[in-house]
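A quick write-up on the structure given underneath.
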Amino acid sequence: MQYVDWVYNETDIDVLLAQTRKLGCPGVNSIDDDNLAPLDFRSPITFDHSCYYNLVQRRGLLHSDQQLFNGGPADSLVKLYSRSPVAFDKDFVVSITRMGDVKSLTGSNGEIRRNCRRVN
């Protein structure tokens with residue numbers, strides 16, 4: 001889903017967020033598509049748990065983000081992180097450490113993609 005579709009056509013988005021984002025997002029038929037928007041409506045220049053708070057308020061900037069809080073199994077975790085920066089910080093440290101331990105594929109076992117969406 002394109003960002004423009006999310007802002008202009010979805011019903012699972014906070015009305016204030018949609019109105020605010022429409023001001024900087026001229027629409028589907030616009031040729032000016034270089035506009036930028038912060039990924040976090042609440043704390044745009046800080047990396048913190050606010051993105052989860054935003055999801056609970058239906059203010060996920062991207063449709064794919066908002067899907068984390070839509071009546072599914074991730075809802076309880078989103079609620080926890082939205083209320084507890086300590087829980088978010090603790091779990092983030094664990095997660096990023098695990099990701100750092102993932103070994104890269106090298107030589108003929110891996111590839112650097114020219115286009116991330118396609119296998120070379």
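Taking only region 60-80 into account, find how many residues are under 14 Å from the mean Cα position of the chain (by Cα) and part of a helix (DSSP H, G or I).
Qualifying residue count for the region: 5.
Against the definition (in a helix (DSSP H, G or I), in contact with a His (Cβ under 9 Å, 6 or more places away or on another chain) and without any contact (Cβ under 8 Å) to a residue 24 or more places away in the chain), how does PHE92 come out, yes or no? Spell out how you get there, then give the answer.
Numbers: in a helix (DSSP H, G or I): yes; in contact with a His (Cβ under 9 Å, 6 or more places away or on another chain): yes; without any contact (Cβ under 8 Å) to a residue 24 or more places away in the chain: yes.
Spelling it out, PHE92 is indeed in a helix (DSSP H, G or I), in contact with a His (Cβ under 9 Å, 6 or more places away or on another chain) and without any contact (Cβ under 8 Å) to a residue 24 or more places away in the chain.
For residues in region 13-32 being at pLDDT below 80 and surrounded by 13 or more Cβ atoms within 10 Å (Cβ to Cβ), which is nearest to LEU68 (Cα to Cα)?
For region 13-32, the residue satisfying everything is CYS25.
Conditions tested, residue by residue: (1) surrounded by 10 or more Cβ atoms within 10 Å (Cβ to Cβ); (2) at pLDDT below 85; (3) under 17 Å from the mean Cα position of the chain (by Cα).
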position: LEU39; (1), (2), (3): yes, yes, yes
position: ARG58; (1), (2), (3): yes, no, yes
position: SER82; (1), (2), (3): yes, no, yes
position: VAL102; (1), (2), (3): no, no, no
position: THR106; (1), (2), (3): no, yes, no
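The values are calculated or read from the model by the stated rules, or taken from the named source; none is laboratory data. As the structure is a computational prediction, the values presented were derived from the model and not from experiment. Neighbour counts are summed over all protein chains in view; Cβ atoms, including those assigned to glycine, are modelled from backbone coordinates with ideal geometry.
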